[in-house]
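Novice: Could you have a look at this structure, given as structure tokens, before my questions?
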Amino acid sequence: EQQGVARPGDTLLLCSGGLAEPLRGEPALAKELAERWAPGDPPGLAAFLADIQLRVKGYADDRTAAAVWEA
């Protein structure tokens, strides 16, 4: 059994393959989301939904995601 401890600034992202695959296959997407979500408060709902829909060439599957930010 593995356990982790969330620290301030950590984000837990649960997502479907439609987002997980481009996150694994395109480091630029992971970097962009990390930059958008790292500073300060979590994004609002509209910003979060826009962020997870960032276009990545070659990936067009539906995306489902939920995130939890540690305060």
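Novice: Calculate the tail of P(r) for the chain: the fraction of all Cα-Cα distances greater than 17 Å, expressed in %.
Specialist: Numbers: 1099 of 2485 pairs.
Of the Cα pairs, 44 percent sit more than 17 Å apart.
Novice: Still on this model: So what's the Cα pair-distance distribution over region 32-71, bin width 10 Å, in %?
Specialist: 24, 56, 18, 1
Novice: Spelling out what I want: for every residue of region 12-21, take phi, set θ = phi - 60°, compute 6.51 cos²θ - 1.76 cosθ + 1.60 (Karplus), and round to whole Hz; glycine and proline get x.
Specialist: After applying 6.51 cos²θ - 1.76 cosθ + 1.60, I find 9, 10, 10, 8, 6, x, x, 9, 4, 5 Hz.
The numbers here are math on the coordinates, done by the rules we state, and not lab data. Bear in mind that the values here come from a model prediction, so they are computed numbers and not experimental data.
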